[in-house]
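Trainee: Below is one structure. I have some questions about it.
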Amino acid sequence: MRRTEVVTLLGAVLVTAACSAPRTTTPSPIAEPEPLSTTSAAPPAPTTTTPPPPTPPCAVTTGACVSLPQRLAWLLRDGQVVRGPVPAGFGPPDQATPAGSFRVVWKDREHRSSQYGTDMPHSVFFAAGGIAFHAGPLDAPSHGCVHLTDADAAAFFDGLNVGDAVQVL
C-alpha cells in the first residue's frame, strides 16, 4: 500500500471508531425553559404616593381663603373645600394684595374697572379700593386684586355670597 492510501484508511478508521464508540462522559443537561404562567401577576404597588393637596391655612369655614406665599386660593362651604386649591395671581409689592380678614361686599359678573379701563369678569369685591377676586392672567400682576382662571373666577363668583368671609394670609 502506498503511504497516502494508508493515511486515508487510518483516517476513515479513526472517524468511524470515534462516531461509533460509546461515550465515556455524560453530556451536560440542557436547561428546560420555565413554563409560562397562565395567570397574570398583579403589577407591584407603586412605591411613591402623590402628596395630598395643601389644606387651606385660614380659619374661614364658609367663604374664601387666599395664601399669598403659596399663590393659591380655596373656596369653602361649611368647613369643606368645594374648590381648590387653585392657582392665583396677585399685585406687585407697590400694589400688593392686602392681607387680613374681610367680608364679600358686592359682586358684579361683568365689571369694568373705571380706574384702569380693564374688564374684570366675575368680580367678587371684598376689600377697600376695589380689591376683588376676578378672572385675569395669572402671569401678569394685578392692581391688588386676586386673579383667577376664567373657570375658577366663575366658581368663586357663584360660590361666594355677600357677607361671606375672605381671609388673605
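Trainee: Kindly provide the set of residues from region 48-69 that are assigned to a loop (DSSP other than H, G, I, E, B) and surrounded by 10 or more Cβ atoms within 10 Å (Cβ to Cβ), ordered by number. So that I can check it myself, show each step before the final result.
Mentor: Within region 48-69, the subset assigned to a loop (DSSP other than H, G, I, E, B) is 48-62, 68-69.
Residues satisfying the conditions are PRO53, PRO54, THR55, PRO56, PRO57, CYS58, ALA59, VAL60, THR61, THR62, LEU68.
Trainee: Step by step: first the residues of region 84-140, then only those that are among the hydrophobic types (A, V, I, L, M, F, W, C) and out of contact with any strand residue (DSSP E or B) (no Cβ under 8 Å at 6 or more places or on another chain), then the one that is surrounded by the fewest Cβ atoms within 10 Å (Cβ to Cβ). Which residue is that?
Mentor: Let us first name the residues in region 84-140 that are among the hydrophobic types (A, V, I, L, M, F, W, C), namely 86, 88, 90, 96, 99, 102, 104-106, 120, 124-128, 131-133, 135, 138, 140.
Then keep just the ones that are out of contact with any strand residue (DSSP E or B) (no Cβ under 8 Å at 6 or more places or on another chain); that gives 96, 128.
On the way: ALA96: 13, ALA128: 9.
Checked region 84-140; the qualifying residue surrounded by the fewest Cβ atoms within 10 Å (Cβ to Cβ) is ALA128.
Trainee: Another question, if that's okay. Here are some residues: PHE125, PHE157, PHE133. Which one is over 20 Å from THR55 (Cα atoms), part of a strand (DSSP E or B) and among the hydrophobic types (A, V, I, L, M, F, W, C)?
Mentor: Selected residue: PHE125, the only one of PHE125, PHE157, PHE133 that is over 20 Å from THR55 (Cα atoms), part of a strand (DSSP E or B) and among the hydrophobic types (A, V, I, L, M, F, W, C).
Trainee: Can you find a residue that is modelled with pLDDT of 95 or more and at positive phi anywhere in region 48-61?
Mentor: Taking every residue of region 48-61 in turn, none turns out to be modelled with pLDDT of 95 or more and at positive phi.
Trainee: Any chance region 111-127 includes a residue that's under 22 Å from the mean Cα position of the chain (by Cα) and not aliphatic (A, V, I, L, M)?
Mentor: Our first condition is that a residue be under 22 Å from the mean Cα position of the chain (by Cα); within region 111-127, this holds for none.
Looking through region 111-127, none of the residues is under 22 Å from the mean Cα position of the chain (by Cα) and not aliphatic (A, V, I, L, M).
The values are calculated or read from the model by the stated rules, or taken from the named source; none is laboratory data. The structure presented is a predicted model; accordingly, all values stated were derived computationally and were not measured. All Cβ positions, glycine included, derive from the backbone under ideal geometry; neighbour counts span all protein chains shown.
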